[in-house]
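Derivation of every value follows stated rules applied to the coordinates shown; laboratory data play no part. Computed from a predicted structure; not experimentally measured. So basically every Cβ, Gly included, is an ideal-geometry build from the backbone, and we count neighbours across all protein chains shown.
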Amino acid sequence: MEYAIECFDLHKSFGTHKIHKGIDLKIVKGAITYIIGPSGTGKSVLLKQLCGLMSPTKGKVIVNGQDITVMKPEELVNMRKTFGILFQNAALFDSMNVYENVAFPLVEHTKLPKNKIDAIVAEKLRLVGLSNIEEKMPSELSGGMRKRVGLARAIALEPEIMLYDEPTTGLDPIMCDVVDNLINDTQKQLGITSIVISHDIESTLKIADYIAMLYDGKVVLYGTAEDFKTTDNPYVKQFFSASKEGPIKIM
Amino acid sequence: MEKVLSFFGRPLVNIVEVAGHMALLFYSTIKLVFKKPFRTKLLLKQIEFIGANSMSVIILTGSFTGMVFAFQSYIGFHKFGADQLVGTVVALAMARELGPVLSAIMVAARAGSAITAEIGTMKVTEQVDALNAMAVDPVHYLFVPRILAGLIVMPMLNAVTVFFGIVGGYLVSIKVLGINKTLYLDYMYTYIDFEDFANGMIKSVVFGGVVTLVGCYKGFMTRGGAEGVGRATTESVVMACVLILIFDYILTAFMF
């Protein structure tokens, strides 16, 4: 099996607070991997370490065969073009309209003429099910629309690996389904590797090819959706049954 | 003993740390100024924001300072019968000291705070991470246009402040205090040199750098939501004003 990202014995601390205590995880190329776990287990921190936005205290992160933890800042900047990231609140630039947001990576990293950029922006917005909103400012959009614009921006440069930070949090059930389908469709149409951080058990089991559950700074279980449905792992069982009784301590 | 050491030591360590961090950021900003792509549009936008939009505040500050200064110095000079020297003193003080310092403090309050609030908000809403994620260096994208604009615009604002200060002083002296116009101007031309204006210009370039660098740095270091942005903005104005006064002393001592 080919891996897009591999991390070995990843440790991360903020001051004396240990977030990760040795994470080993391999992300299969061309598949959708969900990272789940209770709040505060460092899922977003893990995501940021996978793409080099944060460096681990100890351990290695291998992206396409290269250790990104020893890269120079310039190499790291170049490496990041491999990634598209959808942030939790979409992180749209609020001083720019939708068109400028989606066109931003194209303007920064390509020398395409304006009409080509226009066409790509329109196509990406169509892909996420939005049209005729190019002139709107992010503050005029609903949460679901912002996430979709964020996704259009993230896939503008056609990244090899797409990272989603809690894409369905704060959305209504219908919008959740729309975003789930988007993740699935983006994956199918572009054939990219996707990593999704989520609390949403239903979408996880529906879409994930592989799932990793984090708790107390470690991966407690890694496997397919089927493995997770049939496992006896007490952490997973408690998390899936949404019960406060079990080994997971409430923080 | 340990307590005493930590009481005095901790703030000292903090100051050294912040100073070092800011110096490094300034160094990397200057290095990045010459790196492509040149973001002319962003630079012009910042020049408009820091410069053109500060104009009304700067004109008011300059004129009123000049007017007040004419009144105050008249009290002293009148006692010696040297009324005609009021113009010289107003022009000298405006050009060497009040112009650069007051314009910089006004810009710190108006534009420096806005820079911190904008970058701080971008930081806490992950927009800075988004820049990084899209392989765009935030220092290159956010710092360079702002700091460059500060360095370019501040001397111009200083010139406007000094000009309106001198005009304000002149109007009060001639129209209100009734000082002889010919003598007033004659003394002013005789005793004011180009060097006086040049000194003020050098100061204002440094202050322009200080205000925008502090604004960017404080914004970039913002943590913790809306409250964090508020705190960073206040700290940015206070720090910029204090640094302006400290650098003013250092520069004055060097150029004395």
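Relative to the longest principal axis of chain B, what angle (0 to 90°, nearest 10) does the C-alpha long axis of helix B:2-33 take?
Tilt relative to chain B: about 90 degrees.
Efficiency by 1/(1 + (r/R0)^6): what FRET value for A:Ser13 and B:Leu183, r their Cβ-Cβ distance, R0 = 56 Å, to the nearest 0.05?
0.15
If r is the Cβ-Cβ distance from A:Thr110 to B:Met55 and R0 is 45 Å, what FRET efficiency results, to the nearest 0.05?
0.75
About its Cα centre, what dipole magnitude does chain A give when the only charges are +1 on Lys and Arg Cβ and -1 on Asp and Glu Cβ, stated in debye to the nearest 20?
Charge dipole of chain A: 520 debye, to the nearest 20.
Calculate the mean, over all residues of peptide B:123-130, of how many other protein chain Cβ atoms lie within 10 angstrom of the residue's Cβ.
Counting Cβ atoms of other protein chains within 10 Å of each residue's Cβ and averaging gives 6.
Please work out the Cα center distance from the stretch B:165-238 to the stretch B:82-136, rounded to the nearest Å.
Measuring centre to centre over Cα atoms gives 9 Å.
For chain A, give the share of DSSP beta bridges that are antiparallel, in percent and rounded to the nearest 5; count only bridges with both residues there.
Within chain A, antiparallel bridges account for around 55 percent of the total.
Just rank A:Lys111, B:Lys181, fewest to most, by other beta-carbon atoms within 10 angstrom.
Lowest to highest Cβ neighbour count: A:Lys111, B:Lys181.
How far apart, in nanometres, would the label points at B:Thr234 and A:Asn78 be if each is projected 7 angstrom from Cα along the Cα-to-Cβ direction?
4.6 nm
Tally Lys/Arg at +1 and Asp/Glu at -1 over every other residue whose Cβ is under 12 Å from the Cβ of A:Ser142; what's the total?
Here the count lands on +2.
For A:Phe104, A:Phe228, which order do you get if you count the other beta carbons within 10 Å of each Cβ and list the fewest first?
A:Phe104, A:Phe228
Take every DSSP beta bridge with both residues inside the protein assembly as shown and express the antiparallel ones as a percent of the total, to the nearest 5.
Approximately 55 percent, going by the DSSP bridge assignments.
Roughly how tilted is helix A:114-127, in degrees to the nearest 10 and between 0 and 90, from the longest Cα axis of chain A?
40 degrees
Under the definition of partner shielding as Cβ atoms of other protein chains within 10 Å of a residue Cβ, what is the mean value for peptide A:80-89?
That average works out to 3.
Using the crude model of +1 on Lys and Arg Cβ and -1 on Asp and Glu Cβ, and no other charge, please compute the dipole size for the protein assembly as shown relative to its Cα centre, in debye to 20.
Roughly 520 debye, rounded to the nearest 20.
Which one of B:Lys123, B:Lys79, B:Lys203 has the biggest mean-square fluctuation once chain B is modelled by GNM with Cα springs under 10 Å?
Judging by the Gaussian network model, the answer is B:Lys79.
Any chance you could give the angle, 0 to 90 degrees and rounded to 10, that helix B:55-79 forms with the longest Cα principal axis of chain B?
The angle comes out near 40 degrees.
Which value in nm describes the separation of the simple spin-label points at A:Glu135 and A:Thr224, placed 7 Å from the Cα toward the beta carbon?
Inter-label distance under the simple model: 5.1 nm.
Set the Förster distance to 35 Å, then compute FRET efficiency between A:Ala242 and B:Leu245 from the Cβ-Cβ distance, nearest 0.05.
In this case the efficiency is close to 0.05.
Only sites in a loop by DSSP and with at most 13 other Cβ atoms within 10 Å count here; which trypsin sites (Lys or Arg not before Pro) in the stretch B:212-256 make the cut?
Here the sparse-neighbourhood loop sites are B:Arg223.
With n ≥ 4 as the cut-off for DSSP H runs, can you work out [θ] at 222 nm for chain A, using -39500 (n - 2.57) per run divided by the number of residues, rounded to the nearest 500?
-10500 deg cm²/dmol
Quick check on the exposure proxy: order A:Met96, B:Met154, A:Met79 from fewest to most C-beta atoms within 10 angstrom.
Ascending number of Cβ neighbours within 10 Å: A:Met96, A:Met79, B:Met154.
For chain B, compute the number of Lys pairs whose alpha carbons are separated by less than 28 Å, excluding pairs fewer than 8 positions apart on the same chain.
Step by step, the pairs that qualify in chain B add up to 22.
Can you give me the relative contact order of chain A as a percent, contacts being Cα pairs under 8 Å and 6 or more apart?
Computed over chain A, the figure is 25 percent.
For Cα pairs less than 8 Å apart in space and 6+ apart in sequence, what is the mean separation divided by the residue count of the stretch B:45-255, i.e. the relative contact order in percent?
About 37 percent, as a whole number.
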